[in-house]
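First up is the structure itself, then whatever we jot down about it.
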């Protein structure tokens with residue numbers, strides 16, 4: 001005689017999906033079956049965008065770095081390359097990110113603090129001195145002032161004799177998510193989207209191997225969105241950019257293949273893997289639905305690493321373990337590039353030691369764990385395929401709530417309010433112990449000052465940067481700068497005309513060593529500044 | 001008496017999840033909360049504190065520039081003749097707490113602080129006044 005079953009504890013994912021204690025063929029059939037999965041490298045790419053995925057080439061490892069001046073950043077770049085990084089991910093300081101020069105009074109105390117300070121082309125030239133731009137892909141985490149940094153990168157490459165058509169790299173340049181999370185907006189929503197459009201069109205024409213936009217579900221999730229909203233909002237934002245550029249006369253297949261994505265990983269392992277598989281399948285259908293016939297345009301190319309939001313301030317060494325699981329999830333999900341958060345990130349900019357542990361974590365996966373042997377190893381699992389079906393349906397439903405209106409919803413602050421409300425609910429659930437977090441609300445320990453080394457901000461470096469800028473201003477051709485800035489102003493004030501972009505004018509300005517702050521000021525005069533809706 | 005709180009984001013840092021969570025927690029705890037939005041200068045924060053007649057100012061800083069920003073805001077509040085307590089929250093290492101307190105910060109609530117503790121502290125300020 002068997003005893004009656006004890007009631008099982010409920011298991012509900014962040015997306016709201018109730019997990020069954022056992023999955024079998026009938027459960028998968030009920031969720032929609034596996035007919036829609038397809039083969040790797042074939043539409044709809046559920047299992048991966050390439051036929052052989054990591055077996056042909058492992059994921060790119062790209063750690064986020066950059067601080068202080070160009071000289072210090074170059075040293076860190078060389079260190080990362082020497083240790084096996086195959087891509088660079090450049091962090092910029094906040095003044096650079098919002099278009100202020102290092103000598104602006106508002107920049108005081110922030111110069112070189114959370115990334116590299118770039119005022120003029122001279123800074124970028126110094127940071128990349130001695131680094132072969134054809135041998136490495138450079139990703140720049142810049143949004144509000146992304147068009148200016150892209151112009152600088154192109155100007156630098158051209159001066160050094162590179163063919164722009166061979167340059168590879170990624171610009172984050174997702175301004176819509178900056179209004180929702182992260183906050184480095186400058187101009188109002190409409191001209192901001194236009195500027196993204198300008199970079200997409202310019203790259204389609206001149207830098208065909210460069211990725212002009214990395215649409216970020218990541219930051220929206222970090223601000224409080226659940227995994228379904230992360231994908232839904234990212235796809236809606238990417239759709240808004242596509243519609244804008246198509247509206248300016250380009251065919252979707254002229255540029256969509258160069259759009260990429262940046263997603264978050266923390267939380268339930270299976271939910272994350274299914275999120276990426278569902279996302280890959282849905283994105284392919286969405287792009288095809290917009291008239292694309294080129295498979296590359298339909299690929300959901302992504303960078304996904306650990307999300308800082310999953311890390312804890314408590315017992316920071318636990319974050320090394322979390323980071324390893326996030327890397328495992330990322331590899332099981334078939335992402336193209338991995339950038340892991342470092343264990344000390346809840347406190348500080350990652351130290352060299354922490355950044356190296358993250359890098360080694362990824363290398364261990366490649367070299368020791370067999371993650372690169374076969375494609376989509378969880379494919380065919382009754383549970384994972386069921387979740388993939390369920391998540392795809394939920395992402396579609398979340399997008400339907402937005403209608404065509406993501407841009408309006410962001411301008412009015414509605415997405416921001418939804419995400420902030422969820423962040424509050426999440427924090428409350430965490431503090432009341434309804435969501436379990438090791439070291440935070442269970443298995444806690446009395447902790448003194450945690451044993452992490454802090455990244456130290458160098459005030460002297462900030463002063464040197466201000467001096468550098470003054471020196472560049474003193475030796476550049478002032479008349480050429482004025483002329484170039486005048487051209488940027490005139491073109492920014494004109495109505496948007498099809499495929500014409502501001503990029504040639506901005507490249508002329510940066511080549512004359514006009515500064516980020518000067519160019520931004522000219523654009524701000526033409527377009528105004530974003531007024532943040534602050535209602536909670 | 002209802003405590004009026006100004007939650008402010010000084011400097012250029014755009015990470016406002018914490019500020020918005022604390023603002024909502026204080027509202028839920030019965031405080032009247034005014035949130036400034038991002039990129040406030042010390043002068044703007046002091047003006048908002050005066051115009052909104054708040055009893056306490058909470059600053060949220062995650063970029064590492066907490067020492068500079070707290071000093072500047074406290075200076076601006078004093079210059080405006082306001083004697084309201086200033087709280088600091090965000091990514092603030094324990095070793096900086098004493099320095100912040102010497103600079104005039106009434107209390108530091110680093111990342112991970114209990115929302116209930118923040119609300120209790122703020123409501124206590126109302127009773128004291």
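The values are calculated or read from the model by the stated rules, or taken from the named source; none is laboratory data. As the structure is a prediction and not an experimental result, all values here were calculated from the model. Virtual Cβ from ideal backbone geometry, glycine too; neighbours counted across all protein chains shown.
Listed values, structure above:
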| read-out | value |
| --- | --- |
| Condition check for residue A:114: in contact with a strand residue (DSSP E or B) (Cβ under 9 Å, 6 or more places away or on another chain) and within 22 Å of residue A:460 (Cβ to Cβ) | yes |
| Candidate set from segment A:30-70 (those that are touching a helix residue (DSSP H, G or I) at 6+ places or on another chain (Cβ under 9 Å), modelled with pLDDT of 95 or more and not in a loop (DSSP other than H, G, I, E, B)); member that is farthest from residue A:341 (Cα to Cα) | A:30 |
| Complete set of residues in segment A:121-140 that are crowded, with 24+ Cβ neighbours inside 10 Å, in contact with a helix residue (DSSP H, G or I) (Cβ under 8 Å, 6 or more places away or on another chain) and outside any helix (DSSP H, G or I) | A:140 |
| Within segment A:150-266, strands (runs of 3 or more DSSP E) holding 2 or more residues that are under 27 Å from residue A:100 (Cβ atoms) | A:169-171, A:213-216 |
| Residue satisfying all of: in segment A:78-101; assigned to a loop (DSSP other than H, G, I, E, B) and within 14 Å of another protein chain (Cβ to nearest Cβ); nearest to residue A:116 (Cα to Cα) among these | A:93 |
| First in segment A:410-435 and more than 24 Å from residue A:177 (Cβ to Cβ), second anywhere and assigned to a helix (DSSP H, G or I), Cβ under 6 Å, 6 or more apart | A:431/B:115; A:435/A:429 |
| Segments classed as helices (runs of 4 or more DSSP H), wholly inside segment B:1-119, with at least 2 members that are more than 10 Å from chain A (Cβ to nearest Cβ) and surrounded by fewer than 18 Cβ atoms within 10 Å (Cβ to Cβ) | B:42-51, B:66-79, B:97-102 |
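Listed here are the residues, each with its yes/no results for (1) more than 30 Å from the chain's Cα centre (by Cα); (2) without any contact (Cβ under 8 Å) to a residue 60 or more places away in the chain.
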position	(1), (2)
A:7	yes, yes
A:16	no, no
A:23	yes, no
A:28	yes, no
A:31	yes, no
A:34	yes, no
A:39	no, yes
A:56	no, yes
